[in-house]
């Protein structure tokens with residue numbers, strides 16, 4: 001099973017009821033999805049617009065086939081739909097990406113209930129999407145809700161819960177609550193180090209985010225001292241960096257940690 005952060009396995013490993021009809025078609029669709037979704041992530045990180053467009057088109061084809069062969073409410077179909085929403089957002093198609101992510105969340109809520117881990121993963125992606133389109137207050141509210149529910153469902157020490165804490169911290173910084181956001185990132189890093197270990201991908205992500213946050217604060221202080229500007233920079237600074245970080249770092253889809 002693929003280790004891709006966008007692979008079907010994160011959804012399916014946590015689902016207690018997966019319909020195994022049309023097994024041959026399902027296996028083929030999973031393979032096609034995993035390859036395309038991994039390419040979306042790789043191209044998004046590299047800023048490869050052509051590669052991202054190609055991978056997005058392949059995800060569109062997989063989604064059409066999944067809806068036809070498995071049904072629109074099938075767990076694997078919902079996985080593909082969520083991956084395609086992320087691809088649109090990474091590709092600067094914000095309106096379509098947010099709309100599809102919201103529909104995907106509603107479908108998972110209807111199929112699995114609001115507190116299923118897979119539903120919470122979709123809710124987390126929607127929160128990140130709101131942050132991406134310039135709605136930091138809405139993103140904060142949604143990340144707070146996901147964190148509360150993930151803590152209840154998965155526990156405080158689960159990697160996804162820790163990731164949600166980091167995502168909330170970044171959203172707070174982006175919304176202007178920089179001091180509290182940085183403090184939450186710092187405490188989250190301490191927790192990640194203790195619970196997951198320094199080498200865990202989530203720990204590394206939180207450490208990088210905290211470093212960016214502190215660096216942004218230092219730049220702002222220097223700018224204020226020089227009377228250059230009174231506007232504190234957000235983290236990450238550039239929109240292109242922010243677009244990738246929201247979905248490659250804790251606020252985006254994560255592999256399941258057993």
Apart from one, (1) outside any loop (DSSP other than H, G, I, E, B); (2) farther than 22 Å from residue 121 by Cα; (3) modelled with pLDDT under 85 all hold for residue 11; the odd one out is (2)
Exclusive hit being under 30 Å from residue 74 (Cα atoms), part of a loop (DSSP other than H, G, I, E, B), in contact (Cβ under 8 Å) with a residue 40 or more places away in the chain and touching a helix residue (DSSP H, G or I) at 6+ places or on another chain (Cβ under 9 Å), set 92, 115: 92
Filter pass, residue 244 being closer than 21 Å to residue 129 by Cβ, modelled with pLDDT under 90 and surrounded by fewer than 15 Cβ atoms within 10 Å (Cβ to Cβ): no
Please tell me if residue 127 is free of Cβ contacts under 8 Å to residues at least 60 places away in the same chain, surrounded by 23 or more Cβ atoms within 10 Å (Cβ to Cβ), in a helix (DSSP H, G or I) and on the phi < 0 side of the Ramachandran plot. no
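Listed here are the residues, each with its yes/no results for (1) within 15 Å of residue 142 (Cβ to Cβ); (2) under 15 Å from the mean Cα position of the chain (by Cα); (3) assigned to a helix (DSSP H, G or I).
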{"site": "57", "(1), (2), (3)": "no, no, yes"}
{"site": "68", "(1), (2), (3)": "no, no, yes"}
{"site": "73", "(1), (2), (3)": "no, no, no"}
{"site": "99", "(1), (2), (3)": "no, no, yes"}
{"site": "108", "(1), (2), (3)": "yes, no, yes"}
{"site": "122", "(1), (2), (3)": "yes, yes, yes"}
Residue by residue through the stretch 178-200, note down the ones that are without any contact (Cβ under 8 Å) to a residue 24 or more places away in the chain and surrounded by fewer than 22 Cβ atoms within 10 Å (Cβ to Cβ). 179, 180, 183, 184, 187, 190, 193, 194, 197, 198, 199
Within the stretch 130-139, the residues that are at pLDDT below 90 and not in a helix (DSSP H, G or I) are 133, 134
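The values are calculated or read from the model by the stated rules, or taken from the named source; none is laboratory data. Not measured: the values here are computed from a predicted model. Glycine gets a Cβ as well: all are built from the backbone with ideal geometry, and neighbour counts include every protein chain shown.
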